[in-house]
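Enquirer: Below: one structure in C-alpha cells.
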Amino acid sequence: MSSQVNDIYIQQKIRFFLNHHAENDRKRLLKILQDEVILLNEAVTCVNSTDKEALAALKHRLKGICCYLMIQIETIFCYPDSKFELMLIVQVLQNQIVVVLDEV
Amino acid sequence: MKFKPYSICYLIVGLTVTFCIDWLFWSHSQREFAEFHDKKSAASAMSAHDMLMQHKIITRSIHSFFSASMLVTKKEFTEFTQELLKIKSAIAFTIGEDNKLAFISNPEFEDEIKKGRFSVNGQDELTFELAGYSSFLMPIDQAKQRYMVYIISHRQVLERLNSEEDICIAFMVTGKQLSNHYCQMQLSDIQRALFYYQSEGQYHGSEFGAEDFTLTTWYSPPVDEINEILLIIFLFSVTGVGFSILLYLKVEQRNMLYKMRIETDSKVAVLSAINHEIRTPINAVLGYSHMLKSADCCVPQGEMTINKIIWSANLLHSVAENTLNFSKASADTLVLENQATDLAQFINNIKEYYIAFSETGDKKLNIFIDKPLPPSIAIDSTKLYQLITNIINNAFKYSTGKQVNCHIALKQYRNSPFLRVAIRDFGKGMSKTSMEAISRPFTAGLPNSAAQQSGIGIGLYTCKQVIEKVGGRIAIRSRKGQGTLVIIRFPFEYINAISKEQMLASETKGEGVNQKLVLAKPYSSTVGEKGSLAEDRSALYQLKQLLLVDDNLFNLEVCKSMLEKQGFSVTTCLDAASTIEYIKSTTPEIVLMDYRLEGTNGLALIDELMELQTDGVTKKKEKTTHYFILSANDKTEIPFSEEYPDVFFMQKPLNIDVFIQQLDKIYA
C-alpha cells in the first residue's frame with residue numbers, strides 16, 4: 001500500500017476512535033496518545049537494533065496502542081521485524097496524530 | 001529455480017548413501033565367503049600335512065626296523081608292519097633280487113599287489129605301478145631284498161576327502177588327481193564370475209621317497225545364498241533409490257509450496273491494499289443508497305435500481321470482508337468473539353440482506369428453521385453472518401438453479417452445542433476446480449454465461465479457514481446436475497437469558513424487566529459501536545471498585561473512559577510499585593492489568609498482590625479480588641498462563657461485552 005493510503009487509513013482510524021468519545025474529552029485523549037507515541041518513538045530510537053527482546057517489548061507496546069485505534073498493523077504493514085520498520089510505523093502514527101490534532 | 005540444486009543434493013546424497021551401503025554389504029559378503037574358504041582350505045592343508053607326516057613316520061620306522069636288524073624274518077616284518085599300518089590304510093612290502101614279492105604287511109593284498117608292474121623310468125630308477133594306489137620305493141639294507149615298497153590306497157584317501165562336504169579338495173599325486181564329490185559340482189556363470197575362491201599349495205614328499213604333490217582347494221557359496229544376497233542388495237537399492245526420489249519430490253513440493261505461499265502473500269498484500277482503498281467508498285455507496293431508499297424519493301423503477309446498487313455494494317463489501325478475514329486467518333489472529341445474539345433477528349437480517357437481490361434477480365432464497373429457537377444465544381454473529389452470506393452469495397452467483405434453500409437448526413455434538421446451517425442450490429453442481437477452492441486460495445470456478453460476476457477465489461477458502469479456526473466444520477457435497485449442498489457447523493453457547501433478566505430486574509429495582517435483547521449487527525466494531533448487554537446490565541457493576549494497571553498512559557485513559565461509562569469506580573496505576581502500595585491500603589473487587597509492565601509482568605505482579613492479600617499464618621486468602629489480564633497477545637502466547645486458573649485473560653482492545661460476560665459468570 002502506498003504511504004499516502006497508509007496515512008489516510010491511520011487518520012481515519014484515529015478519527016473513528018475519537019468519534020466514540022465525548023467531544024470535550026477528545027483533545028485530551030489525543031494529547032495523551034501523542035505523548036505516548038512520542039515516548040514510544042524515543043524508546044525505539046534509543047533501543048539497540050540487535051536487542052531483540054527490547055524490540056519485541058516495543059513492538060508489543062505499539063501493538064497495544066494500535067489495538068485501541070483498531071489499526072491492524074499486520075494487514076497494512078508487514079509486521080515490523082526490525083528497528084527501522086518499527087521506527088517507520090511509529091513516525092507515521094505520530095505524524096497522523098498531529099494531522100488529526102489540528103482538526104480537533 | 002533458486003532451490004533446484006538444493007533438492008538435487010538430497011537426491012544425490014540419497015543415491016550415494018544407497019550405493020555405499022550396497023557396496024559395504026557386497027564387500028562384507030565377499031569377505032565372509034573368502035574367510036570361510038580360507039578357513040576350510042587351511043584345515044585341509046593341515047590335514048594333508050598330518051597325513052604326510054604320519055606316512056613319513058611309518059616309512060621311517062620300517063626303514064629303521066630293517067637297519068636295526070641284520071636279518072628280518074617274514075613273520076617279524078608282518079607283525080611289525082601290521083601293528084604300524086593298522087590305522088593308516090597303506091600297505092608295505094619288500095621285493096627281492098628278481099623284483100618278486102618277499103615280505104608283505106597284510107597278506108590279504110598279496111594277490112592284488114602281484115598285479116602291479118615294475119618298470120625303470122627315464123632317470124634309471126625302479127618304479128612300481130598298481131591301479132588305485134600310489135607307491136613309493138625305498139632301498140633297504142637286507143640280504144636278498146633290495147627295496148621296500150610303500151603303497152597308499154586311493155580309495156582310502158578319497159573316503160577321507162569326501163568327509164569334507166563344503167569345499168572342493170583335490171590332490172595331484174604321481175600324475176593322478178584325487179578329488180572329493182564337491183569338486184564334481186557344476187557352477188553357474190554367476191558363481192564362477194562373482195563368488196569363486198581358490199587356493200593351491202605344493203607339498204614335498206621326496207624326503208621319504210614319495211613324489212611331490214599338489215593340494216588344490218576351491219569354494220563357491222550355494223546358489224540359494226547368492227540369490228539371497230543379490231535379492232537383499234536389489235531390495236535395498238530399490239528402497240534407497242525410491243526413498244531418495246521421494247525425498248527429492250518432497251523437497252521439490254516444499255519448495256513449490258514455499259513459492260506458492262510467497263505468491264499468496266503477495267496477492268494478500270495487494271488485496272489488503274485494495275480492501276482498504278475500497279472499503280470507505282463502498283460504505284458511502286451503501287449509506288447513500290439506503291438513504292435514498294428510505295427517503296422514498298424515487299418512482300418504483302428507481303427503487304429497483306437502488307436495490308441493485310445495494311446488492312452490488314453488499315457483494316463488494318463481502319469481498320472486502322473476505323480479504324480482511326483471509327489476512328487474519330493467514331496471520332493466525334482469528335478468535336471467536338461470542339456475544340449475546342437474538343437468533344430470530346439475526347436470521348431476519350440475512351433475509352433482508354437478500355431482499356434486494358430477490359427483487360432484482362430471478363433467484364430466490366428460502367430460509368427454513370427446524371424448531372423454535374431460544375430467544376438469545378452467545379455466538380460470534382459477525383463471523384457467522386459473513387460465512388452464511390458468503391455461501392449464499394456463491395450459490396446465487398454460480399448456481400444455475402432458481403432456488404437456494406437455507407436450513408438452520410440447533411444441534412448437539414459431543415456435548416457441545418452448534419448451529420447447523422445447510423445451504424443447498426439446485427444448479428449444475430460444482431466443477432473440480434471450484435471444489436479445489438476450499439483448500440486453495442485464489443481458485444475461482446471457471447466462468448460461465450450465468451456467472452460472470454466478481455470472484456477472486458478466496459471466499460470459500462476463507463470460509464473454511466475461519467470456521468476451522470473457531471472450532472467448527474464445513475462440508476461440501478456436490479453432484480453433477482443435482483446441485484450443491486454446503487453444511488456449516490458453527491459453535492455457540494446457550495445463555496440463560498431469562499434468569500439474567502430477572503437478576504437485572506431485582507438489581508435495578510424493577511426497571512427494565514423486559515429490556516430489549518441486543519441484536520447482532522454485522523460489521524460492528526469492537527470498541528464502541530456495539531449495542532451490548534453490558535450497557536443494559538451495567539447497573540450490576542455500578543461503583544464497583546476496579547483497579548486498572550497499565551504502563552501505557554494512552555491505553556490506561558481509554559480503558560478508564562470505557563469502564564467509567566459502565567459505572568465502575570476506576571483507579572489507575574502506571575507501574576508495579578504504585579499498584580502494590582495501593583493494594584496495601586485498599587482492596588478493589590476487580591483488578592484489570594496489562595501483561596507487559598515495566599520491569600515485570602502482569603502474572604508476576606498478581607502473584608505479589610495475592611501474597612499481600614493472604615494471611616501469613618493460615619495461608620488463606622483474606623480478601624477476594626478478581627484478577628484480569630489484558631494483553632495484545634492471545635492467552636496461548638502468554639507464558640505460564642495455564643498455571644493461573646483464577647486469572648481471566650482478555651485480548652486488547654478491551655471488549656466491554658466480553659468483560660461484562662466474564663463478570664456475569666463470576667458474580668452468578
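Enquirer: Quick one: is B:I57 among the β-branched types (V, I, T) and in contact (Cβ under 8 Å) with a residue 60 or more places away in the chain?
Expert: On the way: among the β-branched types (V, I, T): yes; in contact (Cβ under 8 Å) with a residue 60 or more places away in the chain: no.
Against the criterion (among the β-branched types (V, I, T) and in contact (Cβ under 8 Å) with a residue 60 or more places away in the chain), B:I57 does not qualify.
Enquirer: Tally the residues that are more than 14 Å from every other protein chain (Cβ to nearest Cβ), open to solvent by less than 70 Å² (accessible area, probe 1.4 Å) and free of Cβ contacts under 8 Å to residues at least 24 places away in the same chain, restricting the search to the stretch B:578-603.
Expert: 1
Enquirer: Please count how many residues of the stretch B:375-412 are touching a Lys or Arg at 6+ places or on another chain (Cβ under 7 Å) and not in a loop (DSSP other than H, G, I, E, B).
Expert: Going residue by residue through the stretch B:375-412, those that are touching a Lys or Arg at 6+ places or on another chain (Cβ under 7 Å) are B:396, B:400, B:402-405, B:409, B:411.
Narrowing the set further to residues that are not in a loop (DSSP other than H, G, I, E, B) leaves B:396, B:403-405, B:409, B:411.
The total comes to 6.
Enquirer: Scan B:R424, B:R420, B:R414 and give me the residue that is closer than 27 Å to B:A313 by Cα and of a type in the set (K, R). Can you show your working first?
Expert: On the way: B:R420 fails: closer than 27 Å to B:A313 by Cα; B:R414 fails: closer than 27 Å to B:A313 by Cα.
Among B:R424, B:R420, B:R414, only B:R424 is closer than 27 Å to B:A313 by Cα and of a type in the set (K, R).
Enquirer: I want to confirm something. Restricting to the stretch A:17-36 and keeping residues that are touching a residue at least 24 places away in the same chain (Cβ under 8 Å) and more than 8 Å from chain B (Cβ to nearest Cβ), which single residue is surrounded by the fewest Cβ atoms within 10 Å (Cβ to Cβ)?
Expert: Here is the first cut: in the stretch A:17-36, the ones touching a residue at least 24 places away in the same chain (Cβ under 8 Å) are A:17-18, A:26-27, A:30-31, A:33-34, A:36.
So of that shortlist, the ones also more than 8 Å from chain B (Cβ to nearest Cβ) come out as A:18, A:26-27, A:30-31, A:34.
On the way: A:L18: 20, A:R26: 19, A:K27: 12, A:L30: 21, A:K31: 15, A:Q34: 17.
Across the stretch A:17-36, the extreme among qualifying residues is A:K27.
Enquirer: I've got another one for you. Just to confirm my filter: which strands (runs of 3 or more DSSP E) fall fully inside the stretch B:107-204 and include at least 3 residues that are open to solvent by 80 Å² or more (accessible area, probe 1.4 Å)? Explain how you work it out, then say what you get.
Expert: Values: elements: B:117-120, B:126-129, B:133-142, B:145-153, B:168-173, B:176-179, B:197-203.
Hits in the stretch B:107-204: B:197-203.
Enquirer: Mind checking which residues of the stretch A:69-82 are modelled with pLDDT under 85 and either surrounded by 15 or more Cβ atoms within 10 Å (Cβ to Cβ) or not small (G, A, S) (or both)? Don't jump to the end; show me each part of the working.
Expert: Filtering the stretch A:69-82 for residues modelled with pLDDT under 85 gives A:70-82.
Of everything in the stretch A:69-82, those that are modelled with pLDDT under 85 and either surrounded by 15 or more Cβ atoms within 10 Å (Cβ to Cβ) or not small (G, A, S) (or both) turn out to be A:M70, A:I71, A:Q72, A:I73, A:E74, A:T75, A:I76, A:F77, A:C78, A:Y79, A:P80, A:D81.
Enquirer: Can we say B:Y6 is on the phi < 0 side of the Ramachandran plot, hydroxyl-bearing (S, T, Y) and modelled with pLDDT of 80 or more?
Expert: Numbers: on the phi < 0 side of the Ramachandran plot: yes; hydroxyl-bearing (S, T, Y): yes; modelled with pLDDT of 80 or more: no.
Spelling it out, it is not the case that B:Y6 is on the phi < 0 side of the Ramachandran plot, hydroxyl-bearing (S, T, Y) and modelled with pLDDT of 80 or more.
Enquirer: What's the total number of residues in the stretch B:178-194 that are among the hydroxyl-bearing types (S, T, Y) and touching a strand residue (DSSP E or B) at 6+ places or on another chain (Cβ under 9 Å)? Please lay out each step first, then the result.
Expert: Applying the first criterion (among the hydroxyl-bearing types (S, T, Y)) to the stretch B:178-194 yields B:179, B:182, B:188.
Now narrow it down to the ones that are touching a strand residue (DSSP E or B) at 6+ places or on another chain (Cβ under 9 Å): B:179, B:182.
Of the residues in the stretch B:178-194, 2 are among the hydroxyl-bearing types (S, T, Y) and touching a strand residue (DSSP E or B) at 6+ places or on another chain (Cβ under 9 Å).
Enquirer: Still on this structure, I have one more. For the stretch B:35-46, check the following and say yes or no: at least one residue is at pLDDT 85 or above and of a type in the set (D, E).
Expert: yes
Enquirer: While we're on this one: Would you check if there is a residue in the stretch B:277-293 being modelled with pLDDT of 70 or more, under 44 Å from the mean Cα position of the chain (by Cα) and of a type in the set (F, W, Y)?
Expert: Looking for residues that are modelled with pLDDT of 70 or more, under 44 Å from the mean Cα position of the chain (by Cα) and of a type in the set (F, W, Y), one finds none in the stretch B:277-293, hence no.
Enquirer: For the stretch B:607-627, indicate whether the set of residues that are basic (K, R) and within 30 Å of A:F17 (Cα to Cα) is non-empty.
Expert: Just the residues of the stretch B:607-627 that are basic (K, R), to begin with: B:619-621, B:623.
Going one step further and asking which of them are within 30 Å of A:F17 (Cα to Cα), we end up with none.
So far as the stretch B:607-627 goes, no, none of its residues is basic (K, R) and within 30 Å of A:F17 (Cα to Cα).
Enquirer: Could you please let me know if B:I379 is touching a residue at least 24 places away in the same chain (Cβ under 8 Å), under 22 Å from B:W311 (Cα atoms) and assigned by TED's automatic domain parsing to the domain that holds B:N338? Before you say what the answer is, go through the steps one by one.
Expert: Numbers: touching a residue at least 24 places away in the same chain (Cβ under 8 Å): yes; under 22 Å from B:W311 (Cα atoms): no; assigned by TED's automatic domain parsing to the domain that holds B:N338: yes.
The answer is no for B:I379.
Enquirer: Taking the stretch B:441-495 only, how many residues are at pLDDT below 80 and either hydroxyl-bearing (S, T, Y) or under 30 Å from B:D664 (Cα atoms) (or both)?
Expert: Qualifying residue count, the stretch B:441-495: 9.
Enquirer: Within the stretch B:632-668, how many residues turn out to be more than 14 Å from chain A (Cβ to nearest Cβ) and in a loop (DSSP other than H, G, I, E, B)?
Expert: 6
Enquirer: Which is part of a helix (DSSP H, G or I), open to solvent by 50 Å² or more (accessible area, probe 1.4 Å) and within 26 Å of B:D212 (Cβ to Cβ), of B:A48, B:A43? Walk me through it before giving the result.
Expert: Details: B:A48 fails: open to solvent by 50 Å² or more (accessible area, probe 1.4 Å).
Of the residues listed, the single one that is part of a helix (DSSP H, G or I), open to solvent by 50 Å² or more (accessible area, probe 1.4 Å) and within 26 Å of B:D212 (Cβ to Cβ) is B:A43.
Enquirer: Counting just the residues of the stretch B:562-600 that are within 28 Å of A:A56 (Cα to Cα) and in a helix (DSSP H, G or I), which one comes out farthest from the chain's Cα centre (by Cα)? Full working, then the answer.
Expert: Looking only at the stretch B:562-600, we keep the residues that are within 28 Å of A:A56 (Cα to Cα), and these are B:562, B:572-580, B:591-600.
From what is left, the residues that are in a helix (DSSP H, G or I) are B:562, B:576-580.
Details: B:M562: 49, B:A576: 47, B:A577: 50, B:S578: 52, B:T579: 50, B:I580: 50 Å.
Among those residues, the one meeting the criterion is B:S578.
Enquirer: Right, something else. Confirm whether A:Q4 is assigned to a helix (DSSP H, G or I), open to solvent by 50 Å² or more (accessible area, probe 1.4 Å), within 12 Å of chain B (Cβ to nearest Cβ) and modelled with pLDDT under 90. It would help to see each step written out before you state the result.
Expert: Details: assigned to a helix (DSSP H, G or I): yes; open to solvent by 50 Å² or more (accessible area, probe 1.4 Å): yes; within 12 Å of chain B (Cβ to nearest Cβ): yes; modelled with pLDDT under 90: yes.
For A:Q4, the condition - assigned to a helix (DSSP H, G or I), open to solvent by 50 Å² or more (accessible area, probe 1.4 Å), within 12 Å of chain B (Cβ to nearest Cβ) and modelled with pLDDT under 90 - is met.
Enquirer: Follow-up question, since we're still on this one. Among the numbered criteria (1) closer than 29 Å to B:G14 by Cβ; (2) at pLDDT below 90, which one does B:A269 miss?
Expert: (1)
Enquirer: Let me ask you something else. Find all pairs meeting these conditions: Cβ atoms under 7 angstrom apart; at least six residues apart or on different chains; first residue within the stretch A:39-68 and at the interface with another protein chain (Cβ under 9 Å from one of its Cβ atoms); second residue basic (K, R) and part of a helix (DSSP H, G or I).
Expert: A:L40/A:R61
Enquirer: Please specify each residue of the stretch B:88-118 satisfying the condition of being under 17 Å from B:E129 (Cα atoms) and of a type in the set (S, T, N, Q).
Expert: Scanning the stretch B:88-118 gives B:T94, B:N99.
Enquirer: For the stretch B:345-356, does any single residue satisfy the condition of being open to solvent by less than 40 Å² (accessible area, probe 1.4 Å), polar (S, T, N, Q), at pLDDT below 80 and under 21 Å from B:N307 (Cα atoms)? Before the answer, list the steps.
Expert: We begin by selecting, within the stretch B:345-356, every residue open to solvent by less than 40 Å² (accessible area, probe 1.4 Å); these are B:346-347, B:349-350, B:353-354, B:356.
Then keep just the ones that are polar (S, T, N, Q); that gives B:349.
When the remaining residues are screened for being at pLDDT below 80, the result is B:349.
Within this subset, residues satisfying the condition of being under 21 Å from B:N307 (Cα atoms) are B:349.
Scanning the stretch B:345-356, I find at least one residue that is open to solvent by less than 40 Å² (accessible area, probe 1.4 Å), polar (S, T, N, Q), at pLDDT below 80 and under 21 Å from B:N307 (Cα atoms), so the answer is yes.
Enquirer: Which count do you get for residues in the stretch B:11-28 that are of a type in the set (F, W, Y) and open to solvent by 80 Å² or more (accessible area, probe 1.4 Å)?
Expert: We begin by selecting, within the stretch B:11-28, every residue of a type in the set (F, W, Y); these are B:19, B:23, B:25-26.
Subset that is open to solvent by 80 Å² or more (accessible area, probe 1.4 Å): B:19, B:23.
Result for the stretch B:11-28: 2.
Enquirer: Now for a separate question. Hey, among the residues in the stretch B:627-657 that are among the hydrophobic types (A, V, I, L, M, F, W, C) and touching a His at 6+ places or on another chain (Cβ under 8 Å), which one's surrounded by the fewest Cβ atoms within 10 Å (Cβ to Cβ)?
Expert: Going residue by residue through the stretch B:627-657, those that are among the hydrophobic types (A, V, I, L, M, F, W, C) are B:628-630, B:632, B:638, B:640, B:647-650, B:654, B:656.
Checking the rest, the ones that are also touching a His at 6+ places or on another chain (Cβ under 8 Å) come to B:632, B:648.
Details: B:A632: 22, B:F648: 20.
Ranking the candidates gives B:F648 first.
The values are calculated or read from the model by the stated rules, or taken from the named source; none is laboratory data. Everything numeric here is computed off the predicted structure, so don't read it as measured data. In this analysis, Cβ positions are derived from the backbone assuming ideal geometry, glycine residues included, and neighbour counts consider all displayed protein chains. For the accessible areas, the whole protein counts, side chains as well, though only heavy atoms, and no ligand, DNA or RNA atoms are used. Shrake-Rupley method; radii C 1.70, N 1.55, O 1.52, S 1.80 Å.
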